[in-house]
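The values are calculated or read from the model by the stated rules, or taken from the named source; none is laboratory data. Just so it is clear, the model here is predicted, and its values are computed rather than measured. Note: ideal-geometry Cβ built from the backbone for every residue, glycine included; neighbour counts use all protein chains shown.
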Amino acid sequence: MGSNGPVMMHSGFGLFYEKDKLLFHLSSYSGMEFQECERPNLTQMPNKARPRREWSTLSPIDVLWMPRSAMRPAEGDTSDCILVVGISRPKMAAAFLSVALLSLFLTFHVLYDSAVYSLHAASAVEGRAVELVSQVRATPPLLFSSKVHYPRTSRHLPQAIIIGVRKCGTRALLEMLFLHPQIQKASGEVHFFDRDDNYGKGLEWYRRKMPYSFRGQITIEKSPSYFVTPEVPERIRAMNASVKLLLIVREPVTRAISDYTQLRIHAATASTLIINGNGSNGSNSNGTLSSRSINGQQQQSQQVQATRSFEELVIRPDGTINESYRPVAISLYHTFMHRWLEVFSREQILVVNGDQLIEDPVPQLRKIESFLGLEPRIGRHNFYFNHTKGFYCLRNETSEKCLRESKGRRHPRVSPLVVTKLRRFFNEHNQRFYELVGEDLGWPEE
Ligand SMILES: Nc1ncnc2c1ncn2[C@@H]1O[C@H](COP(=O)(O)OS(=O)(=O)O)[C@@H](OP(=O)(O)O)[C@H]1O
């Protein structure tokens, strides 16, 4: 390096390790001429690029001028001298690097979210549907808490509700509808209308449980026990007399077996908690059983439920059907349906065939899009069959998703004689349901 004549500053950016120092090689002032490397004339440098301090023994940051030969040469680099900003403590250096990387990540994340948001805002406002990544629509970016929301979105009371029936595919239906860009869903089951303690909190509490949505989007929630709770129809009408209701049903015997399977799993979990003395914290992960609230008799009944077969529970010792066994009682759809029809017009309730939703979801979803007054947007491209799970899974432009393990469980084998007996029993009840809804769902008679 020539130290007397003018020298050319290096251009580029590099990171170098030298002994215990991490060296940032900064040289944004490419093309500046200096008389010598050791004593550069700082006044010739543009203000922005001028180092604040040349050398400090106290600060962990050292700014020093080094001869070009002291550094590993970069390919094609012909400069004579470089400015090196070094951090003399490796831990400090790591901290600086992490902060720099985090800032970069945040910048890109925010830019990405804003771009997606702008696109969606444009589509929602103009009423055009643009296929977007469903998770980011009007929903705050993952990094921020759910309290953050985009401008021009707010929480709305649901305009449509999936009222049941339990174990008929209510979750699958909600997730599938959420593929539509004009639909927003409440994430959990809200249980506003069926639980007195929640209902007592008022509509504003309910509204705050809803997701953010643009004007023109439809908010949907699902709570399967609405269908069987006597107070619910009136309460929903009091909120919105023109609400749209989705009722998904399945062949009653299959539904009863599905219900039994779930109850047995929950009872087994609760029994294990009781046996292990772990049942004192209130509720299990599903929030369905509270070990604290169950008394000795209930504990015993849960242990019995966990061990007794479906056949034992549905057929009484005298050979008749145990109608009071809840999985059977809930499958008697007409006994609940008539209450809904006393409060709402038939046109306000769409009956969705849950067995067909499993077999071939798109035709059912088309019917629902039309019922909700939406453009048909959910198509075959949104589904693929997962052979391991034995069910359709969902996809959009960016991700694929199957419902979790508690959906699509393997059912226990049930005696064909009991299945036939149950089907015969349900046949008359099914006919009454068909009459009420004006539609024959074609469930087997034996
Ligand atoms: N695509 C897809 N993937 C997985 N599962 C599907 C799907 N479509 C419908 N189903 C059926 O949904 C049944 C569970 O119904 P629900 O979500 O209403 O259950 S719950 O009442 O909320 O517990 C569940 O019942 P089980 O098969 O007994 O587990 C499924 O049969």
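Assorted remarks:
- Residue within the stretch 258-274 that is modelled with pLDDT under 55, farther than 22 Å from Ser223 by Cβ and exposed (fewer than 12 other Cβ atoms within 10 Å of the Cβ) present: no
- Looking across the stretch 369-407, the residues that are more than 30 Å from Gln348 (Cβ to Cβ) and over 18 Å from the mean Cα position of the chain (by Cα) come down to His381, Tyr384, Phe385, Asn386, His387, Thr388, Lys389, Gly390.
- For Cys393, the criteria (1) in contact with a strand residue (DSSP E or B) (Cβ under 6 Å, 6 or more places away or on another chain); (2) more than 14 Å from the ligand (Cβ to nearest atom); (3) among the hydrophobic types (A, V, I, L, M, F, W, C) hold in every case but one, which is (2).
- Of residues in the stretch 368-390 being in contact with a Leu (Cβ under 7 Å, 6 or more places away or on another chain) and either more than 23 Å from Gly442 (Cα to Cα) or of a type outside the set (Val, Ile, Thr) (or both), the one surrounded by the most Cβ atoms within 10 Å (Cβ to Cβ): Ile378
- Those residues of the stretch 396-421 which are away from the ligand (no atom under 12 Å from the Cβ) and surrounded by fewer than 14 Cβ atoms within 10 Å (Cβ to Cβ), in sequence order: Glu397, Thr398, Ser399, Glu400, Arg413, Ser415, Pro416, Leu417
- Set Lys201, Lys209, Lys222: member being of a type in the set (Lys, Arg), in contact with a strand residue (DSSP E or B) (Cβ under 8 Å, 6 or more places away or on another chain) and farther than 23 Å from Pro151 by Cβ: Lys222
- Residue that is away from the ligand (no atom under 11 Å from the Cβ), under 19 Å from the mean Cα position of the chain (by Cα) and of a type in the set (Gly, Ala, Ser), where the choices are Ser223, Ser242, Ser213: Ser213
- Pairs where the first residue, in the stretch 399-416, is on the phi < 0 side of the Ramachandran plot and the second is outside any loop (DSSP other than H, G, I, E, B) and β-branched (Val, Ile, Thr), C-beta under 7 Å, 6+ apart: Arg409/Thr261; His411/Ile257; His411/Thr261; Pro412/Thr261; Val414/Ile257
- Residues located in the stretch 369-390, provided they are in contact with a strand residue (DSSP E or B) (Cβ under 8 Å, 6 or more places away or on another chain) and either within 14 Å of the ligand (Cβ to nearest atom) or without any contact (Cβ under 8 Å) to a residue 40 or more places away in the chain (or both): His381, Asn382, Phe383, Tyr384, Phe385, Asn386
- Residues within the stretch 249-267 that are more than 10 Å from the ligand (Cβ to nearest atom) and outside any helix (DSSP H, G or I), tallied: 2
- Any chance Asp440 is within 14 Å of the ligand (Cβ to nearest atom) and either farther than 19 Å from Gln182 by Cβ or not small (Gly, Ala, Ser) (or both): no
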